[in-house]
Amino acid sequence: MKAFLTSLAVALLLCSISFAGEAQTVRLLTIGNSFSRNATNHLGDLAKAGGHKLIHTSIVVGGASLELHSDKALKNAEDPKDKAGLYTNGRSLVQELKAQPWDYVTLQQASIKSHDLSTYQPYAGRLAALIHEHAPTAQLLVHQTWAYRKDDPRFTKPSDKPGEPKTQEEMYQMLTAAYQAITEELKAQRIPVGDAFHLADTDAEWGYQTDTAFDLKKAKAPELPSQKHSLHVGWTWKTDAKTKVKKLGMDGHHANTAGEYLGACVWYEVLFGESSVGNSYIPAKMEPEYARFLQKTAHRAVETAKEDLGNPESADSTAILKMPNLVAFWDFQEAAGEKRWSQGGEKLALQEKKGPINRVQDGVFGPWSVDIKRGQWLMLPRAEIGALNIHGKEAQVTVVAWVKRQAKEPWQAIAGVWDETHKHRQYCLFLNAPRGTRADEMKRYPLANRIHGHVSGVGGPTPGEEFCITYSSGATEIPLQQWHCLAMSYDGQASRVFVDGKLDSLEHYNPFPYSEGLHDGGVEGADFTVGAVHRGGVWGNFFGGQIGGLAVFNRALEESELQTLVGLTAPAE
């Protein structure tokens with residue numbers, strides 16, 4: 001049975017909560033209509049109360065569908081001067097996508113069409129393609145809108161048109177199925193506001209109930225039916241602009257303050273990766289007990305969506321943990337500001353640098369992955385790397401990373417023990433070196449968008465060279481915004497790189513013969529880093545993207561074993 005707290009007690013509880021996460025800055029671009037505006041009206045206040053900063057640009061057209069936004073983009077591409085391709089601020093969608101290094105960009109369908117999956121495509125796909133092209137750092141989110149209030153005319157006077165929902169429950173079930181389908185098709189993440197509305201509306205204690213005793217036909221201004229706990233605007237009196245007569249009207253579509261707050265709590269949890277329960281911001285005149293209920297409902301909706309995302313499609317790490325010679329495995333489920341603890345072998349805690357480093361609900365071995373922006377990295381100081389200090393003439397190593405690449409810059413370090421500044425290079429998996437070394441000539445030639453397995457037995461530059469050029473380079477270009485399992489191995493005789501479990505063969509480049517072993521840096525050697533290495537006296541070679549898992553072995557895995565790992569995850573989906 002629910003324990004009831006007094007208003008004062010709840011208010012004190014909400015104000016006393018302290019948040020464990022570090023301050024975050026989130027850049028958000030919403031592409032929608034009044035519903036996206038409804039759901040984000042209180043988001044900035046929640047972010048501020050949580051100690052965070054929200055940078056938000058809203059592209060809103062009243063009643064806009066996916067088709068409308070898609071058509072505007074097409075018209076702008078055909079003729080940039082055509083005002084039909086611009087928004088009211090005089091800017092195009094592409095201009096807005098390029099305006100900031102967005103963390104998230106959101107899409108949604110018009111509510112009146114939300115139940116009908118056939119209205120989503122090809123428009124959602126076109127918009128998603130533009131987002132990935134012009135905002136490559138952004139994660140695509142799909143805002144699941146909500147069903148209308150149970151006494152909305154759509155349900156009290158239902159249409160005879162086939163396929164139209166006749167009740168609030170039908171509308172919720174139909175729009176949920178449509179949003180789940182399009183989210184999966186776009187390989188995006190859903191913001192489950194519609195789920196939260198449904199949970200709140202159907203709650204036995206807090207859900208809205210129609211006032212059947214009120215006679216709408218006999219009502220006189222300012223009389224209104226009871227609308228306690230409504231999430232929608234509902235019945236209001238408005239003065240006719242021409243006749244000046246007050247008329248009773250129904251808006252069962254748009255959210256009122258309670259609905260806006262509930263929606264914002266859902267968005268807050270998805271964007272900032274932390275619970276809204278206990279956030280000290282409450283809209284004016286809202287009872288603290290009700291605010292607490294809305295916070296908990298939002299949290300419940302997000303957690304349920306997270307479980308749906310993670311089970312059963314998330315990979316099972318059990319097989320990895322049972323593999324021989326595993327040194328460390330990270331699944332990156334921790335929230336921003338927390339240490340990332342390894343599983344298997346020694347317990348090693350990666351520390352954030354230039355954090356907080358956010359997690360996003362788009363994972364491989366669970367609902368989450370770590371979202372590393374360029375300039376951020378994770379590391380273990382040299383004194384703490386333990387068995388990751390793989391070195392010696394007979395040393396072997398395999399580094400496996402489940403990666404969604406988001407940055408185009410060259411020389412991105414994924415993970416390894418590699419310090420160029422102090423000449424303590426050992427091993428490191430790199431992405432997008434602009435050149436690869438042809439082993440039979442020991443000369444470098446242009447390559448792009450490949451992965452590379454760097455190894456060094458000397459620590460410093462390759463003898464006779466300005467830099468270390470002993471590394472394998474694959475044949476496959478690694479695309480942006482797709483999950484792939486990327487790996488390097490060294491067996492004491494050659495460095496190899498693998499893409500999705502297969503040797504990424506390239507004659508004279510992969511495998512790359514090298515029998516000098518791995519450098520022993522001693523106590524002053526390199527740190528173990530994820531997302532950067534020390535070079536030229538500063539940190540650099542920054543990675544940009546998501547990592548859903550990272551495993552290091554002190555032996556060279558066979559290709560069949562790497563294919564087994566890929567089979568756990570189907571990373572290219």
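Values quoted throughout were computed directly from the atomic coordinates according to the rules given, and no laboratory measurement underlies them. Just so we're clear, the structure is a prediction, and the values are computed from it rather than from any experiment. Because the Cβ atoms are built from the backbone with ideal geometry, glycine has one as well, and the counts that use them run over all protein chains shown.
Some notes on this structure:
- Between helix 559-569 and the chain: long-axis angle, C-alpha atoms, 0 to 90°, nearest 10: 10
- If you take the Cα centroid of the stretch 377-406 and the Cα centroid of the stretch 183-220, the two points sit 50 Å apart.
- Anisotropy class of the stretch 325-569 from Cα gyration tensor, a/c 1.5 cut: rounded
- Efficiency of FRET from Cβ geometry, S159 and K408, R₀ 51 Å, rounded to 0.05: 0.55
- Cα long-axis angle, helix 123-134 against the chain (0 to 90 degrees, to the nearest 10): 40
- Placing a label point 7 Å from the Cα of D116 along the Cα-to-Cβ line, the residues of the stretch 164-207 whose backbone N sits under 19 Å from it are 164-183.
- Each of M323, M442 has some number of other Cβ atoms within 10 Å of its Cβ, and from fewest to most they run M442, M323.
- Exposure proxy order (Cβ contacts within 10 Å, fewest to most) of R300, R340, R382, R450: R300, R382, R340, R450
- Per-residue ellipticity at 222 nm computed for the chain from its helices equals -7500 deg cm²/dmol, with DSSP H segments shorter than 4 residues left out and the rest contributing -39,500 (n - 2.57).
- Approximate spin-label separation V60-S515, in nm, with each point projected 7 Å along Cα-to-Cβ: 7.0
- Stretching the chain fully between R300 and K347 yields a gain of 13.8 nm (0.36 nm per residue, less the alpha carbon separation).
- Computed on the Cα atoms alone, the convex hull of the chain gives a volume of 180 cubic angstrom per residue.
- Low-density loop cleavage sites - GluC sites (Glu not before Pro) in the stretch 493-534, where at most 11 other Cβ are within 10 Å (DSSP): E507
- In plain terms, the chain from K166 to A204 could stretch by 11.5 nm, reckoned as 0.36 nm per residue minus the Cα-Cα distance.
- Set K228/K296; K83/K161; K347/K393; K187/K339; K166/K247 screened for pairs whose C-alpha atoms are more than 30 Å apart: K83/K161
- Amide hydrogen neighbours beyond the local backbone of H56, cut-off 5 Å, H modeled: L28
- You can think of it this way: the chain between E524 and E558 has 9.0 nm of extra reach, that is 0.36 nm per residue less the Cα-Cα gap.
- DSSP finds beta bridges in the chain, and of those with both partners inside it, around 80 percent are antiparallel.
- Helix axis angle, 168-186 relative to the chain longest principal axis, alpha carbon, degrees: 20
- The ranking of K404, K242, K247 from fewest to most other beta carbons within 10 Å of each one's beta carbon is K242, K247, K404.
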